[in-house]
Each structure stands twice: as C-alpha cells, then as structure tokens.
Amino acid sequence: MCFMHHHNLLGGGNKQWKHSVPSAGENKLQEEKPLTMGFGRKVYSVHSHVGVLEPWPFYESEEPISPADPGPSTSEELTRFMECRGIEKCLIMPNYGIPVQEQPFQLNELVVQLCREGKGRVAGALWVSGLPQNRELTEKALTMLDEPGIRALKMSYLLGGTPDPRKWDEATLQLHEKIFNEARERNIPIHFHTSPGGNSDITNFFEMIKRYGKDLKIHLVHMGGGVSGHIRLISQWRDLIEGGYQVYIDSSWAIGFAVRKLLKEIDQTGIGVDRFLFGCDEPWSDYEGEFWKIQGAPISDEIKERVFWANAEEQYFSKLV
C-alpha cells in the first residue's frame, strides 16, 4: 500500500476513529468478472491486502472517503479475487492506510483465519510495529506467528518511527530486536514499506540492512520506492547480494525503467535471481499493470518464471500444508 507516502499530508491525525467489524454479508465485494486478457502464466502474488479500511477524511476532504476498494474479508471473496486474476497462490496482509495505529492490528486475526481456510494456497503476513506505544499490540501479534500459514511479518514507518537503528531509543531498540528475533527463529522475512521521502525513504533502511540483514530476511516492498529509491537500491544491489545480505524485493508500484533495468541485470548476471518476487498490491495497485511490468520486460522466460511464482513457492508456499 502506498497511499500514505507522507503520512503527515493525510491530515486528521486527531480525528475520531472507531473500528467496526462488518457483519456477515456487509462487506461483499462487488461481483467481478475474470480478466479477459490471456495471461497464460502461473502467478503467485506475495503482496495483497485483505480487510475493510474505514473511510477517512484524507487531505482536504471534508467527508470521509474510501480511496480504494475494500480488500477481501472472507475466503469466498479471496478465492474470487484470485480466480478473477489467475493468481494461484497469494501472500496476504492487513489492509492499511489511515493514520490510526491500532487499525491494521485489528486485521491480523482475519489474516490468520484466511490462511487456515486457504487450503495451501494462502500464506499470511502479520502486522507488527517497532513503536513502543504499540508494544502490547505487537506482542499479541507475535503470539500468532505459529498459526498455520503465517510466513512473514509486515512493518511500515508511515505512522511514525524510523528504520534507521542509529535513531532508536532503548525501548524502540528492544522492541525491534524482539520482532527481528521472532522472525529470525522462524526463518521468515519482514516486509518493509518503502516510499520516496519521509521515514520510509530507502536511505533510512541501509543501516538496518547492514546491522541485521545477514541473518534476517528483509523484504523491501515497492523496490525502494520512487525514482530516487530505485536508483539507490539498484546501485547497491550487487554489493548487497554478494555481501551476504538477505534482501528481497517486489516491483509493486515500481516505475518501469527500474524494473526493466534490474531484471535485465539479474538475467545477465544471475545475481539475486531468487530475491525478486511478484506482488500485485491489490486493492491499492492494479494486477494488470503489475503483471505486464514483468511480462513485458526484455528478459528470458526462465527469469519470468522465477519472478512470477518459483521464488514465491520456495520462500512461502513450499512450507504450507
């Protein structure tokens, strides 16, 4: 999700928010028809959001709005979502995008439920936070890590904090290291939102990668975020991979030049061939556009197969029952 690239621009940080759980049938996704394009590929998405996001008075809006469609909230809706796009397997995580700390935590149980009902086709990432004010919510989330299908954690600094450990106080350091230890013990990645400017700028992640990335799997969502982020990440790609850092990326919301350039480099050198995965970031992005960034790239079919499904199978789905 990239709507909140700069959370301070959203406005309304002190506005009232009340979490509500939709009753049965209340959050029925609009009936979709299968895409008519002939994709002709096996596809696994490692980045999709589930759950309803409450309307919010974004930016200058006087009335609360819902900028994106709701994510699936039942197994039937998730199955329909996948079938309409030809997605065979999917990694899901809580929908988020409003400046309310507890909101995405409320959807962790939905992620667990959908994984339980996913019949080996659905893996999940739980929402956690390195902010000390969210310690109790994060500790509760970590108790769900051994639920069937949970294969990752999800973090974002859009609501505050920084990924740069040089700027953490003692309480923040301890909570981050608790999260990292739980992920490390289970050999699962942590998905970090990246975006241009602000706390989520890729430049803030390099010190974290340097300190923790050799024994912690770090998934940089959106490939560094924006032109500057893409260039900075690509310029260090070879050194990161050959240096033994466990860095992973997906190309959702990434700009075309960067996707082409890095895929061509991977195709030519093989460096990081297992680290580039496909993610559609629905409902915030669009599956068709994300698909064609990979499908249309001037690279070998072998690399496309790795990106579209084989890397995800190895990382997430081969371990599901």
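The values are calculated or read from the model by the stated rules, or taken from the named source; none is laboratory data. Only a predicted model underlies this, so the values are computations on that prediction, with no experimental measurement involved. Cβ sites come from the backbone with ideal geometry, for glycine too, and all protein chains shown count toward neighbours. These area figures cover heavy atoms from the full protein model, side chains too; ligands, DNA and RNA do not enter into them. Shrake-Rupley method; radii C 1.70, N 1.55, O 1.52, S 1.80 Å.
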Of the candidates Gly256, Leu240, Phe192, the farthest towards the positive dipole end of the range 185-321 (Lys/Arg Cβ +1, Asp/Glu Cβ -1, centred on the Cα centre) is Leu240
Would you mind telling me the share, in percent, of accessible area of the chain contributed by carbon and sulfur at probe 1.4 angstrom?
-> 47 percent
Directionally averaged projected area (convex hull, Cα atoms, the chain), nm² | 15.5 nm²
Given just the C-alpha atoms of the range 90-235, how large is their convex hull per residue in cubic angstrom?
-> 108 Å³
Across the range 28-146, how large is the tail of the calculated P(r) beyond 26 Å, expressed as a percent of all Cα pairs?
-> 28 percent
Please arrange Glu170, Glu31 by accessible surface area, largest first, computed with a 1.4 Å probe and ligands excluded.
-> Glu31, Glu170
If you take the square roots of the eigenvalues of the alpha-carbon gyration tensor of the range 158-197 and sort them as a ≥ b ≥ c, do you get rounded (a/c under 1.5), prolate (a/b over b/c) or oblate?
-> oblate
Net charge (Lys, Arg +1; Asp, Glu -1) of residues whose beta-carbon lies under 10 Å from that of Gly279, Gly279 excluded, is -4
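Based on the mean of other beta carbon atoms within 10 Å per residue, what is the order of 171-183, 80-92, 217-229, most packed first?
217-229, 80-92, 171-183
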Counting each DSSP H run of 4 or more residues in the chain as -39500 (n - 2.57), what helix-only mean residue ellipticity at 222 nm follows after dividing by all residues, to the nearest 500 deg cm²/dmol?
-> -9500 deg cm²/dmol
Heavy-atom accessible area per residue of the chain, all protein chains kept, 1.4 Å probe, expressed in Å², is 42 Å²
Under a 5 Å amide H to amide H cut-off, with H placed in plane at 1.01 Å, what residues pair with Ile150 once short-range neighbours are removed?
-> Gly124
For the range 293-298, Karplus couplings with θ = phi - 60° (6.51, -1.76, 1.60), whole Hz, Gly/Pro x | 4, 8, 4, x, 6, x
